[in-house]
1. Quick one: how many residues across segment 288-308 are more than 7 Å from the ligand (Cβ to nearest atom), more than 17 Å from residue 210 (Cβ to Cβ), free of Cβ contacts under 8 Å to residues at least 24 places away in the same chain and surrounded by fewer than 18 Cβ atoms within 10 Å (Cβ to Cβ)?
2. Can you find even one residue in segment 6-25 that is modelled with pLDDT under 95, over 13 Å from residue 103 (Cβ atoms) and in a strand (DSSP E or B)?
3. Filter segment 315-327 down to residues that are within 20 Å of residue 210 (Cβ to Cβ) and within 31 Å of the chain's Cα centre (by Cα), then give me how many there are.
4. Report whether or not residue 297 is part of a loop (DSSP other than H, G, I, E, B) and over 28 Å from residue 141 (Cα atoms).
5. Examine segment 266-273 for a residue that is crowded, with 17+ Cβ neighbours inside 10 Å, touching a helix residue (DSSP H, G or I) at 6+ places or on another chain (Cβ under 6 Å) and at pLDDT 95 or above, and state whether such a residue exists.
6. Could you pull out the residue among 322, 285 that is touching a residue at least 24 places away in the same chain (Cβ under 8 Å) and crowded, with 20+ Cβ neighbours inside 10 Å?
7. Pull up segment 181-230, narrow it to residues that are under 28 Å from the mean Cα position of the chain (by Cα), within 16 Å of the ligand (Cβ to nearest atom) and in a loop (DSSP other than H, G, I, E, B), then point me to the one that is modelled with the lowest pLDDT.
8. From 287, 319, 330, which residue is within 25 Å of residue 122 (Cβ to Cβ) and out of contact with any strand residue (DSSP E or B) (no Cβ under 9 Å at 6 or more places or on another chain)?
Ligand SMILES: Cc1cc2nc3c(=O)[nH]c(=O)nc-3n(C[C@H](O)[C@H](O)[C@H](O)COP(=O)(O)OP(=O)(O)OC[C@H]3O[C@@H](n4cnc5c(N)ncnc54)[C@H](O)[C@@H]3O)c2cc1C
């Protein structure tokens, strides 16, 4: 395929709306496109209307909105068929989607149909100045190394990128761009029908978007102690997270797991109680703005990334924090 080398971003669609994760993808897209001196195209699948101008403010030069006129939105296989058509017509050099259920479903089908490579779950993207190829970095071999992968022989170079791997940046309300809306023949393009949709209640735990996250690890010592963190989280209005070891101990559901094989969080404050700070856990918290760690071991790895360290027994410190917050509330001194 002859490439015009644009960077194409697939917008994340949830409940038939463009999801905020798209701003992160556009931030990556802008960063790469500026290095290559090319434009950013943002593809929006299955949405009739929306604030497409906002996508331009976040970094897109062109928005390609493909609508189907159906109330049930767009399903993965027709979405992939459309994306293949769009890529064939527009010939981007790079295509990026978030590593969400949406992106992880559509991108492999699309890459297979285009007979090109796809690097899933990247945590870092860059351009190799030597050959202008996309450098796609992701954890490999059980998270023990970071591998940088190139799609050297086929185009486009396709990658899914972990949510929260970059802070959305570069919003510019003066940025100008073009919005193109295309209607597809639904009868031919959408033989599939959505029969029903079952919501995964565990995913209601709003960890990824929380400004404050409290997380517990094995140093909390017991399920009962871990449950105290729930009280702390409620008092602080925080999301509640856990290490894999805490999840494996049955203290918390998988939906709370933070790290390489769990969620990536990006809060203003991350409080880690009884967490050792192994590399696989750190992979999920490093874009946090301020990390507070409570650990009894002064040499613990978590203190190397913490902005504030409390050396002590985590269950005791958590109990004291809860009491102090309750006292503040009853004294009416809460801010
Ligand atoms: C492929 C792979 C993927 C993985 N993915 C993830 C992932 O997504 N997320 C994740 O978290 N892990 C993941 N892990 C596991 C990871 O390597 C660690 O085993 C895990 O993060 C450790 O959890 P922890 O900190 O709760 O337990 P530990 O490592 O056992 O640490 C407990 C900590 O608590 C402290 N402590 C003990 N008692 C107290 C006390 N009374 N008060 C205060 N502190 C105390 C100890 O000093 C220690 O630092 C993965 C591993 C692999 C191989």
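1. Of the residues in that region, 4 qualify.
2. The answer is yes, given that some residue of segment 6-25 is modelled with pLDDT under 95, over 13 Å from residue 103 (Cβ atoms) and in a strand (DSSP E or B).
3. As a first pass, look at segment 315-327 and keep what is within 20 Å of residue 210 (Cβ to Cβ): 318, 321-322, 325.
Checking which are within 31 Å of the chain's Cα centre (by Cα) leaves us with 318, 321-322.
Count: 3.
4. For residue 297, the condition - part of a loop (DSSP other than H, G, I, E, B) and over 28 Å from residue 141 (Cα atoms) - is met.
5. yes
6. When all the criteria are applied, what remains is 285.
7. If we take residues in segment 181-230 being under 28 Å from the mean Cα position of the chain (by Cα), within 16 Å of the ligand (Cβ to nearest atom) and in a loop (DSSP other than H, G, I, E, B), then 205 is modelled with the lowest pLDDT.
8. Matching residue, one of 287, 319, 330: 287.
The values are calculated or read from the model by the stated rules, or taken from the named source; none is laboratory data. Because the structure is a prediction, the values reported are computed rather than measured. In this analysis, Cβ positions are derived from the backbone assuming ideal geometry, glycine residues included, and neighbour counts consider all displayed protein chains.
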